[in-house]
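Working notes for the structure below.
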Ligand SMILES: [Zn+2]
Ligand SMILES: [Zn+2]
């Protein structure tokens, strides 16, 4: 499997001189399974525009992008805003399946994505896309896509229902946790708090611990884990709890707990300059002591072969 990063930024595209080396496009990761003509894509941030152009230009594609499976982690704008600029969707020979979680049957994925492709926001309507597109509303569990590829989805901890994915082929495993924050006790823990209830507090503690353990099992043994690392621990603890994003230290701890081989950090804060990312990579990057994972700060164009 080859994994290519087409967009690594979080929240909003952030082009500029200060972000040119890591890249300013929002999240889009391509997974190319070995010996398979199908292209797997995770998220349609602004990075998907360059992926679309590249797919069309590849030899043997004859101007089309053939079969595409796009897995949306969730429908926050930074993860879908590139979709209208994904050229393969304008080609009649493209067959695309778009997978993603929904919060209610009334708000199907097709409706949510179609809402973006309406005259109010964009000159091309969804019905005018030439590709054959099928939408699949997801809940947790195994997703059957064939070709010897196993895909599994699980819920992360984010203000909007957000999926983590696990892709497996020929014993190689790639997992994604794009927008997530460590599970924490949502009830008051301080006895001096007027809302404190001992039973509720203990229950909240247990629920958070179990949810985190479940996620640890979900990522276990991955060759590559791609993880939200928007903040540093200091930034996270300075009023950013509950925003739905992790600190670099959280991502490293999750990778160590799951025994993954390599950790790629993404969803870089849009305010983070290249020089600041270099400095964070100097502190947190490289091989962790004691046989822990190799930690990489992902940048646009990075390709990892598993
Ligand atoms: Zn995001
Ligand atoms: Zn989000």
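Going 7 Å from the Cα of residue 147 along its beta-carbon direction, which residues of region 69-104 have the amide nitrogen within less than 14 Å of the resulting point? The answer is 69-71, 94-99, whose backbone nitrogens lie closer than 14 Å to the label point. Each 10 Å bin from zero holds the following percent of Cα-Cα pairs in the chain: 6, 27, 35, 22, 8, 2, 0.
Full extension of the segment from residue 198 to residue 130, taken as 0.36 nm per residue of separation minus the current Cα-Cα distance, would add 18.7 nm. The angle separating the long axis of helix 274-284 from the principal Cα axis of greatest extent in the chain is about 50 degrees. Take every DSSP beta bridge whose two residues both sit in region 136-293; close to 60 percent of them are antiparallel. Within the chain, antiparallel bridges make up roughly 45 percent of the DSSP beta bridges whose residues both belong there. Taking only the alpha-carbon positions of region 50-152 and ignoring solvent, what does the Debye formula give for the base-10 log of I(q)/I(0) at q = 0.15, 0.24 Å⁻¹? Each listed q maps to, in turn, -0.66, -1.44. How far is helix 248-258 tilted, in degrees, relative to the longest principal axis of the Cα atoms in the chain, given as a value from 0 to 90 rounded to the nearest 10? Tilt of helix 248-258: around 90 degrees. Counting only alpha carbon atoms, the long axis of helix 48-57 and the longest principal axis of the chain meet at about 30°.
When a/c is below 1.5 the answer is rounded, else prolate if a/b is larger than b/c, else oblate, so apply that to region 83-220 with a ≥ b ≥ c taken from the square roots of the Cα gyration tensor eigenvalues. Oblate, since a/c reaches 1.5 and b/c is not below a/b.
Each label point was placed 7 Å from the Cα along the Cα-to-Cβ direction; for residue 172 and residue 106 their separation is 4.5 nm. According to the square roots a ≥ b ≥ c of the eigenvalues of the Cα gyration tensor, what is the shape class of region 188-279, taking rounded for a/c under 1.5, prolate for a/b larger than b/c otherwise, and oblate for the remainder? In terms of gyration-tensor shape, oblate. Ordered by the number of other Cβ atoms lying within 10 Å of each residue's own Cβ, fewest first, 149, 103 fall into the sequence 103, 149. Listed by Cβ neighbour count within 10 Å, with the fewest neighbours leading, 98, 145 appear as 145, 98.
Every number here is computed from the coordinates shown, using simple stated rules; none is lab data. These figures come from a predicted structure and were not determined experimentally. Virtual Cβ from ideal backbone geometry, glycine too; neighbours counted across all protein chains shown.
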